[in-house]
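Scroll down for the structure; my scribbles are underneath it.
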Amino acid sequence: MLQALKHRLFTRLAGAALTVMLSAAMTVTASAQSGNPIKIGFSMSLTGPLSPNGKQALLGMKIWQDEINAKGGLLGRPVQLVFYDDQTNPSTVPGIYTKLLDVDKVDLVIGPYATNMVAPAMPVIMQKGKVFIGLFALAVNSEFKYPKYFVMIPSGPDPKPSFTSGFFEVAAAQTPKPQTVALVAADAEFSNNACEGARTNAKKHGLKIVYDRRYPPATTDFAPIVRAIAATNPDLVTICSYPLDSVGMVRAVNEANFKPKMIGGAMVGLQATVFKNQLGPLLNGFINYETWVPAKNMMYEGTEEFFKKYQARAGAEGVDPLGYYLGGWGYAYIQVLGDAIKATNGLDDNKIADYIRKTEFKTIKGPIKFGKDGEWAKSGMLQVQYHGIKKGDGLNVWRGMSYQAVVAPADMKTGNVIYPYEKAK
């Protein structure tokens, strides 16, 4: 009966919109062609709300694959990416990873993008004993404690507070110091984790929480939420949201002419070019997390070369034209796996996990060392403030730093905060 259930599951997956895409190497040397491909399997959000970011990550991974195969592959074999569209739907993820391992017989797996997709993959991965590197998953392993899990996200050893710690540090440095804060979050894995961290940061800085509520992920009208927050008259507003929610919140705040002293924090999506184009000057004054910006002090070996390749291919691939948010990270997290395969000279999950655990990796996003629960040993989270954006600004502006300033942490600052929020409007 179990076998019959598995068969039906795999048949449904094969016949559904989750069409497998096998991305073979564009350039493979003769020596690499002599071996069977090393198959690396994963799911990625290629449709649905997270697809603008998921598509960036996939292109980054394809660029890594092409570079590796042009050099002869790994272990004398070409690398082949085997992936499915998870549709930004957590319920599809366990079936995808089961199929990758049991039917497609991939050699290794790597994580999907985002907390909400990585978390449901974990039981399958743990049962199979596979090494697993997630992409931008917040505190997923804090409960699982799986020793072969690692995550490519610069949130550091205390991941939940990290998304908003810089936001609260900037607020605490103002005179007079803000006294109250409103917290609002989508009722989903990532945003709940980030909001839990925001509560920790509020308590740390002695702030009174005057509003603390969640909204359903399917919410489309944010005006009532903004009005309810405004009624509590908070000094600060911390928003923990997913892409479409973030856009809705920015619009609603501007439409209501709501002017707290600071607003932003953990809003996913504002980093993507498509949403910057949509919102333009409405972003002015918002302070929000970032993981990388094109500042001189964040350029490492291979960084500029990667983005030249990415941006040359972005149009044909139909992805974000810059790739600053997820393109480079998509390259970096599979870069770590590739380096571990080379160093251990094999595909043994235990040996690869042990190597990743002990090693500091040089990536296009800088040096990375993993620590407890597979999180980064040191946080690299930023907070930026948008300013001076004019109607009609577009790609040439988004390429640089003229419209944004890193305001935290102090050692990465590129400008001073404009406070209160309305002064940046």
Lys and Arg at +1, Asp and Glu at -1: add these up for the other residues within a Cβ distance under 11 Å of P294 and post the number. 0
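Given the DSSP H assignment, sum -39500 (n - 2.57) over each helix run of at least 4 residues in the chain and divide by its residue total; what's the result at 222 nm in deg cm²/dmol, nearest 500?
Numbers: 15 runs with 172 residues, N = 425.
When only DSSP H runs of four or more count, the value is -12500 deg cm²/dmol.
Give, in whole angstrom and from largest to smallest, the semi-axes √(5λ) of the equivalent ellipsoid of region 37-131, with λ running over the eigenvalues of the Cα gyration tensor. Walk me through the numbers on the way to the answer.
Numbers: eigenvalues 99, 60, 17 Å².
For region 37-131, the ellipsoid semi-axes come out as 22, 17, 9 Å.
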Label-point separation in nm, A173 to E304, each point 7 Å along Cα→Cβ: 2.9
Which whole-number percent is the relative contact order of region 249-302 (Cα, under 8 Å, 6+ apart)? 40
Euclidean distance between Cα centres, region 122-189 to region 195-247, Å: 17
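Using only Cα atoms, what Kirkwood radius does region 271-362 have, in angstroms? Walk me through the intermediate numbers first.
Working: mean 1/r = 0.0639 Å⁻¹.
After inverting the mean inverse Cα-Cα distance, the result is 15.7 Å.
Of K160/K413; K55/K365; K160/K378; K105/K369; K55/K296; K296/K391, which ones are farther than 24 Å apart at the Cα? Show your work: numbers first, answer last.
Values: K160/K413 22 Å; K55/K365 19 Å; K160/K378 14 Å; K105/K369 30 Å; K55/K296 26 Å; K296/K391 27 Å.
Beyond 24 Å: K105/K369; K55/K296; K296/K391.
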Alpha-carbon centroid distance for the pair region 360-389 / region 399-413, whole angstrom: 14
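Determine one quarter of the surface area of the Cα convex hull of region 68-180, which equals its mean projected area, and express it in nm² to one decimal. Could you put the intermediate results ahead of the total?
Values: hull surface 42.3 nm².
Mean projected area of the Cα convex hull: 10.6 nm².
To the nearest 0.05, what FRET efficiency results for A218 and D354 with a Förster distance of 30 Å applied to their C-beta separation?
0.10
Could you tell me the convex hull volume per residue, in Å³, taken over the Cα atoms of region 272-425?
132
At 37 °C and 0.692 mPa s, grab the translational diffusion coefficient of region 223-321 from Stokes-Einstein with a Kirkwood Rh over Cα pairs, rounded to a whole number in µm² per second. Please list the in-between numbers first.
Working: Rh = 15.3 Å.
It comes out at roughly 214 µm²/s.
Summing +1 for each Lys or Arg and -1 for each Asp or Glu, what net charge is found among the other residues whose Cβ lies under 15 Å from the Cβ of S142?
My count for the surroundings of S142 gives -3.
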Where the convex hull is taken over the Cα atoms of region 352-394, what is its projected area averaged over directions, in nm²? 5.1
The whole-number value in µm²/s of the Stokes-Einstein translational diffusion coefficient for region 147-253, with Rh from the Kirkwood sum over alpha carbon pairs at 37 °C and 0.692 mPa s, is 226
Using Cα pairs under 8 angstrom and six or more residues apart, how large is the relative contact order of the chain, in percent? 18
Please give the helix 2-15 orientation as an angle from the longest Cα principal axis of the chain, in degrees from 0 to 90, rounded to the nearest 10. 70
Residues with amide H under 5 Å from that of D187, placed H, sequence gap 5 or more: Y215
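Over the chain, what per residue volume does the convex hull of the Cα atoms give, in whole Å³? Walk me through the numbers on the way to the answer.
Numbers: hull volume 58.6 nm³, N = 425.
Residue-normalised Cα hull volume stands at 138 Å³.
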Percentage, to the nearest whole number, of Cα pairs in region 230-276 over 17 Å apart: 31
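May I ask for the net charge around G129, where only other residues with Cβ less than 9 Å from the Cβ of G129 are counted and Lys, Arg are +1 while Asp, Glu are -1?
Working: positive: K128, K130, K148; negative: D349.
Net local charge, G129 excluded: +2.
Only the coordinates and a few stated rules stand behind these numbers; no lab work does. Being a predicted model, the structure only gives us computed values, none of them experimental. Counting neighbours? That spans all protein chains shown, and the Cβs are built from the backbone with ideal geometry, glycine included.
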